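The values are calculated or read from the model by the stated rules, or taken from the named source; none is laboratory data. This is a predicted model, so every value here is computed, not measured. Don't worry about glycine lacking a Cβ; one is built from the backbone with ideal geometry, like all the others, and counts go over all protein chains shown.
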Amino acid sequence: MLAHPFRTALAAFSNRPYICQSCLCRVKPQLLASRHPVIKITSRALQTQDNAPNKDNAPFRKSLKDAAKQKRKQERENAGASKKSQKGKDTRLEKWELTVGIEIHAELNTARKLFSSATTSVNELPNTHVALFDAAFPGSQPHFQIETLIPALRSALALSCNIQQKSTFDRKHYFYQDQPAGYQITQYYEPFARDGHITLYPHDFPSGVSPEGGPVTIGIRQIQIEQDTAKTVLQPPSTYLLDFNRVSHPLIEIITLPHIHNASTAAACVRKIQGILKAVNAVTAGMEMGGLRADVNVSVRERNAQAGVAGLSYYGVSGLGQRTEIKNLASVKAVEEAIIAERDRQIGLLESGGVVEGETRGWTIGSKTTKRLRGKEGEIDYRYMPDPDIAPIIVGNDVVEHLRETLPMLSDDYIQKLVSKEYGLTSKDASTLLLLDDGDRLDYYFDVVENLRSTFSGTRDVLSRVGKVAGNWVLMELGGLFKNEEWSSSRVPSDALAAIIAHLLRKQITGRTAKLLLSMKFEGDARLVEHIIIDDDMILRPLSRQEYTALAEKVLEGKPDMVRDIVENQQHQKLKWFVGQMMARSAEGTVEPGAAEATLRELLQLPPLEQK
Amino acid sequence: MSRLPSYYKCLAKQSRIAHLNAFISLADGASVISTTPDTHGSFSGKSIAIKDNICTSDLPTTAGSGILKDFISPYDATVVRRLQDAGAVIMGKTNMDEFGMGSHSMHSYFGPVKQLGRGEEGISAGGSSGGSAVAVKSGYCDVALGTDTGGSVRLPAAYTGIVGFKPSYGLLSRWGVIAYANSLDTVGILANSVDMVRQTFNLLNKYDPQDPTSLVPSTRSRLRTPKSAETPLRIGIPLEYNVSTLKPAIRDAWICALRLLQSKGHTLHSVSLPATRHALSAYYILAPAEASSNLAKYDGVRYGSRAEGIDGTPQSVLFAKTRGEGFGPEVRRRILLGTFSLSAQAIDNYFIQAQKIRRLVQQDFDNAFSAPNPLVSSTSPSVSNSSGVDVLLCPTAPTLPQLISNIENQDSVSETMSDVFTVPASLAGLPAISIPISIREDHNDPDLSKAGVEQTAGMQIIGQYGDDRLVLDVASQLEVRQRVKI
């Protein structure tokens, strides 16, 4: 039923970002602020005896800084002791197995809210993007914004889910001042996507090695679309201000199966899902901007428990220990640390004969252990009820197929491409490229390679090397310069770097010259690379064979003992020192290290240098 | 101006009906007179009363609740806007059971509604749209809007002896109508004549994109053109409605109405609606469940009243006290009932079972009617059920209106018994109208005679989904026939 208007919406949106300014101008959103200037929500201060909500209101960057400080301090204090306890833990981990399932909430990149035509916003004046329904005014009704499905569907497809033909909206009831209706509209009974999965490869781990040894596949139980809540701003000592701009911003909640057995795997999983959502342009901000939040379910079980000891089960995964849920983790690091802390707490509890209780726990960045928020008896009964005002969503197959076909390349596809012969990067370099600067570095790399390919279109043997060489320069040389600075692709334009590399590959300049050129461009030399080379007389003027031999003989004579080491003791690596000497003793850009080494080898009657 | 617009006359009555407590707020006389009526509008000069759970930006909208006692909506409901655009003048907002929860308009923050009578003794106007019914009955307005969730328009119409119509669910916009149980809530129309009801219905029966449950134009076009009431119709008599507690006066009026229709050339057929027995129980699970959800928004944070002093402790939310004080006892009771029936331990046994009964009730009606349900059947109008009927005729309520003093001593379960005949059509979303039928003098209720109330029984005509016009046409025939006879 909804398939038709959906397609129309799709036609308008498929080739553009989701935030379509012209659409925004066309409609007159029913905003409280603009259309009904008479009624303004007078600021109401809620008096309360409650001192702080259980929500983390501190700015994220500050928490990060504090955490780092705390950790350094701790490391200094426990420098000696920690090693011992670390070892103790390792043996405990041989006995106990960790199991984790994750729920990830991500803000979708949409122009409008989920159930009103009010536009979404970030950091706008408080309460300026609020429709009647968003503020739960009496008599107002939800208007489902069908375009919000597009980023949601793309996310689900990218996570290999089955898109459900029919899905429905339910009300999840709980009272909190950031929830104006007294319930959140979510998809409990019939979510729009089910049964997906995500595979983590070694390159998805910062160490380049997965703790499981190989690729790990984690099942995704379901993805649902739901409303965000208002922002609570605490005005000390006891006043809360509410900003309803964020209310009903569309979110997706991704629920994984308990297929995760390492904290670092959980972190890699969150990081990778984050990357995928970004790659398909489904989300607005990264986790660190508050656009992504995670809850983790943690349990431990004895590895060698006798078969027949019945454990708990979740969605087909059985034999599980009692789990606890840690809510509202706002960074990948928090996910990893909270899991480790909770795992150790549970193991400690079980080893001392205790019982893990099913409860909800909290974690603040920098702390050593999770904190109990509420127990099972305090669990909220959400009283899920189908929303009688919202019709089911029916998604046509044609829509799903269209979105599948137009899905942007995902990180795994990119990595496969980068490590293939076409580019020749190592998987570590490939994933580094992908992760840096929100993918900007990768785009930059592709620009450099593209430029070099057109330069060398006729030279086959060079063509096959440009991918690897460019990778080296973009990651290592340029990476070194940007070490302490914010990345900017315009600092050294991609064509400038390509020109430097091209000169190098043509052996018109030496490697040292190339590095010098790069740092000159980096420091803001506005001249063209070609001009700098001419102006500063950097072009390689190769020495004649005789000159090379004369120079080589001269440096060899100065160090007879080293020559003996090389010839008699086969310490060939010492040749490099002589190469350096030859380069140092002649004018800039005249000695090529390769030619220098070849000459030295010839004089010392060593086997010629292998072609790399 | 040759004709004095009716609202001038109405204004003159203001003080005479004040003791009936039919209104929560009245339009300021000066402002009503100063509004130049749009002489071109189809409702030009017509005076309208609006139930106080329908949003108006000129007058407060309280839903009869303390929690909204000072609330002024920032916008007008679509039905209000359509009436005003057609030239109608809003006279005031009518009193009601808080959020529509009640059958006698007694559960209002603003005090109970009484219906017109001579004596001291107040008589129930029915609920929850009692204020709207009394406003019409007393001649204070030409037509009044009410809302009907389980009979809240039809019951007051029956008790006050006027016409009350609940259209098919989804025809009249609910945008701006404060939700009680939104899968059942329907805007209803109360007037002294079927014709006035029909005019109002025709004006308001339009698709509204603001209401997500408003029937879309493509579905509206699929509703069949109903039979004409001029051709012989098959009138159904639902046997399950002939309950032992049915008052003889009402059974007698029912027979009388059936005879009137028979004399018009229609044929009478008994019909069985077995799920009706469970309809009331199902309704009193579903409606409170939805209410507990819909009323969760009233926390005094963004609008509405707040409890005095500090509200909120580390153990509770910031509005536990506000909600406790703002709602009346009946609303609190239904919120608690609904909260229970939606809870994880109870939902399977209560809410889900009640939804199943709701489906059975609808299937009962579909089996009884000759016309297929256009929302259920596929696009092609399937073969009509030749043994089925065109409309059903049954009483609106099992009793005549009662003395307020008697009701005050009732428990809430007996209050709900008044809804037993109106709830099935609500569960199935069907069009239903209540029209007054005179009762024989020897059946007159002595209490009502003493109070000087005109004694009529409400008869209900129920049609298949979308057969709203047929229901109105049959009502007209009954109305005309009766007048002729009297």
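Looking only at the stretch A:103-128, filter to residues that are of a type outside the set (A, V, I, L, M, F, W, C) and touching a Leu at 6+ places or on another chain (Cβ under 7 Å); which one of those is surrounded by the most Cβ atoms within 10 Å (Cβ to Cβ)?
Looking only at the stretch A:103-128, we keep the residues that are of a type outside the set (A, V, I, L, M, F, W, C), and these are A:103, A:105, A:107, A:109-110, A:112-113, A:116-117, A:119-121, A:123-124, A:126-128.
After this cut, where a residue has to be touching a Leu at 6+ places or on another chain (Cβ under 7 Å) as well, the list is A:105, A:107, A:119.
Details: A:HIS105: 16, A:GLU107: 24, A:THR119: 20.
Checked the stretch A:103-128; the qualifying residue surrounded by the most Cβ atoms within 10 Å (Cβ to Cβ) is A:GLU107.
Is the stretch A:309-322 home to any residue that is closer than 30 Å to B:THR213 by Cβ and among the hydroxyl-bearing types (Ser, Thr, Tyr)? Before the answer, list the steps.
Within the stretch A:309-322, the subset closer than 30 Å to B:THR213 by Cβ is none.
The answer is no; no qualifying residue exists.
Scanning the stretch A:129-186 for residues that are more than 14 Å from chain B (Cβ to nearest Cβ) and of a type in the set (Gly, Ala, Ser), which turns out surrounded by the fewest Cβ atoms within 10 Å (Cβ to Cβ)? Write out each step before concluding.
From the stretch A:129-186, those more than 14 Å from chain B (Cβ to nearest Cβ) are A:129, A:147-167; that's our starting set.
After this cut, where a residue has to be of a type in the set (Gly, Ala, Ser) as well, the list is A:152, A:155-156, A:158, A:160, A:167.
On the way: A:ALA152: 24, A:SER155: 25, A:ALA156: 30, A:ALA158: 22, A:SER160: 15, A:SER167: 21.
For the stretch A:129-186, the residue satisfying everything is A:SER160.
This table checks each residue for (1) outside the structural domain of A:THR513 (by TED's automatic domain parsing); (2) within 46 Å of the chain's Cα centre (by Cα); (3) surrounded by 15 or more Cβ atoms within 10 Å (Cβ to Cβ).
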{"residue": "A:MET562", "(1), (2), (3)": "yes, no, yes"}
{"residue": "A:VAL567", "(1), (2), (3)": "yes, no, no"}
{"residue": "A:GLN573", "(1), (2), (3)": "yes, yes, no"}
{"residue": "A:VAL579", "(1), (2), (3)": "yes, yes, yes"}
{"residue": "A:ALA584", "(1), (2), (3)": "yes, yes, no"}
{"residue": "A:THR590", "(1), (2), (3)": "yes, yes, yes"}
{"residue": "A:ALA595", "(1), (2), (3)": "yes, yes, yes"}
{"residue": "A:LEU600", "(1), (2), (3)": "yes, no, yes"}
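State yes or no: is B:TYR140 in contact with a Cys (Cβ under 7 Å, 6 or more places away or on another chain), more than 18 Å from B:ALA191 (Cα to Cα), assigned to a loop (DSSP other than H, G, I, E, B) and not charged (D, E, K, R)? Lay out the reasoning, then the answer.
Details: in contact with a Cys (Cβ under 7 Å, 6 or more places away or on another chain): yes; more than 18 Å from B:ALA191 (Cα to Cα): no; assigned to a loop (DSSP other than H, G, I, E, B): yes; not charged (D, E, K, R): yes.
Judged against the criteria, B:TYR140 is not a match.
Of the residues B:SER341, B:SER305, which is in contact (Cβ under 8 Å) with a residue 60 or more places away in the chain, crowded, with 17+ Cβ neighbours inside 10 Å and in contact with a helix residue (DSSP H, G or I) (Cβ under 8 Å, 6 or more places away or on another chain)? Walk me through it before giving the result.
Values: B:SER341 fails: in contact (Cβ under 8 Å) with a residue 60 or more places away in the chain.
The conditions single out B:SER305.
Please enumerate the residues belonging to the stretch A:354-398 that are part of a strand (DSSP E or B) and either touching a Leu at 6+ places or on another chain (Cβ under 7 Å) or more than 14 Å from chain B (Cβ to nearest Cβ) (or both).
At the first step, the residues of the stretch A:354-398 found to be part of a strand (DSSP E or B) are A:360-362, A:371-374, A:385-386, A:393-394.
Hits for the stretch A:354-398 are A:THR360, A:ARG361, A:GLY362, A:LYS371, A:ARG372, A:MET385, A:ILE393, A:ILE394.
Examine the stretch A:399-411 for a residue that is in contact with a Leu (Cβ under 6 Å, 6 or more places away or on another chain), polar (S, T, N, Q) and away from every other protein chain (no Cβ under 14 Å), and state whether such a residue exists.
Yes, there is a match, as at least one residue in the stretch A:399-411 is in contact with a Leu (Cβ under 6 Å, 6 or more places away or on another chain), polar (S, T, N, Q) and away from every other protein chain (no Cβ under 14 Å).
crowded, with 21+ Cβ neighbours inside 10 Å and either out of contact with any Leu (no Cβ under 8 Å at 6 or more places or on another chain) or more than 29 Å from B:TYR75 (Cα to Cα) (or both), is that true of B:ASN294? Can you show your working first?
Details: crowded, with 21+ Cβ neighbours inside 10 Å: yes; either out of contact with any Leu (no Cβ under 8 Å at 6 or more places or on another chain) or more than 29 Å from B:TYR75 (Cα to Cα) (or both): yes.
It is true that B:ASN294 is crowded, with 21+ Cβ neighbours inside 10 Å and either out of contact with any Leu (no Cβ under 8 Å at 6 or more places or on another chain) or more than 29 Å from B:TYR75 (Cα to Cα) (or both).
Is it the case that B:TYR284 is among the aromatic types (Phe, Trp, Tyr), in contact (Cβ under 8 Å) with a residue 24 or more places away in the chain and facing another protein chain (nearest Cβ under 9 Å)? Spell out how you get there, then give the answer.
Working: among the aromatic types (Phe, Trp, Tyr): yes; in contact (Cβ under 8 Å) with a residue 24 or more places away in the chain: yes; facing another protein chain (nearest Cβ under 9 Å): no.
Judged against the criteria, B:TYR284 is not a match.
Out of the residues in the stretch B:38-91 that are more than 11 Å from every other protein chain (Cβ to nearest Cβ) and part of a strand (DSSP E or B), state the one that is surrounded by the most Cβ atoms within 10 Å (Cβ to Cβ).
The qualifying residue surrounded by the most Cβ atoms within 10 Å (Cβ to Cβ) is B:LYS51.
Filter the stretch B:307-319 down to the residues that are within 25 Å of B:ASN53 (Cα to Cα) and either touching a Leu at 6+ places or on another chain (Cβ under 8 Å) or facing chain A (nearest Cβ under 8 Å) (or both) and list them by number.
Result: B:PHE319, single match.
Part of a loop (DSSP other than H, G, I, E, B) and more than 13 Å from chain A (Cβ to nearest Cβ): is that true of B:GLY188 in this structure? Talk me through it step by step, then tell me what you get.
On the way: part of a loop (DSSP other than H, G, I, E, B): no; more than 13 Å from chain A (Cβ to nearest Cβ): yes.
The answer is no for B:GLY188.
Any residue at all in the stretch B:294-303 that's away from chain A (no Cβ under 11 Å) and not in a loop (DSSP other than H, G, I, E, B)? Explain how you work it out, then say what you get.
Residues of the stretch B:294-303 that are away from chain A (no Cβ under 11 Å), as a first pass: none.
No: the stretch B:294-303 contains no residue that is away from chain A (no Cβ under 11 Å) and not in a loop (DSSP other than H, G, I, E, B).
Which one of the conditions (1) part of a loop (DSSP other than H, G, I, E, B); (2) of a type in the set (Gly, Ala, Ser); (3) at pLDDT 85 or above does A:ALA587 fail to meet, given that it meets all the rest?
Only one criterion in (1) part of a loop (DSSP other than H, G, I, E, B); (2) of a type in the set (Gly, Ala, Ser); (3) at pLDDT 85 or above is unmet by A:ALA587, namely (3).
Would you be able to say whether some residue in the stretch A:170-184 is closer than 19 Å to A:GLY219 by Cβ and in a loop (DSSP other than H, G, I, E, B)?
We begin by selecting, within the stretch A:170-184, every residue closer than 19 Å to A:GLY219 by Cβ; these are none.
No, the stretch A:170-184 has no match at all.
List the helices (runs of 4 or more DSSP H) that sit entirely inside the stretch B:412-486 and contain at least 3 residues that are charged (D, E, K, R).
Values: elements: B:412-416, B:423-428, B:446-451, B:468-485.
Of the helices (runs of 4 or more DSSP H) lying wholly inside the stretch B:412-486, those with at least 3 residues that are charged (D, E, K, R) span B:468-485.
List every residue pair whose Cβ atoms lie under 7 Å apart, where the two residues are 6 or more positions apart in sequence or sit on different chains, the first residue falls within the stretch B:153-181 and is within 14 Å of chain A (Cβ to nearest Cβ), and the second residue, located anywhere, is among the aromatic types (Phe, Trp, Tyr) and not in a helix (DSSP H, G or I).
If the second residue must be among the aromatic types (Phe, Trp, Tyr) and not in a helix (DSSP H, G or I), the pairs left are B:GLY176/B:TYR75.
Considering A:ILE365, A:ILE393, which residue is crowded, with 20+ Cβ neighbours inside 10 Å, more than 30 Å from A:PHE192 (Cβ to Cβ) and among the β-branched types (Val, Ile, Thr)? Spell out how you get there, then give the answer.
Values: A:ILE393 fails: more than 30 Å from A:PHE192 (Cβ to Cβ).
Of A:ILE365, A:ILE393, the one residue that is crowded, with 20+ Cβ neighbours inside 10 Å, more than 30 Å from A:PHE192 (Cβ to Cβ) and among the β-branched types (Val, Ile, Thr) is A:ILE365.
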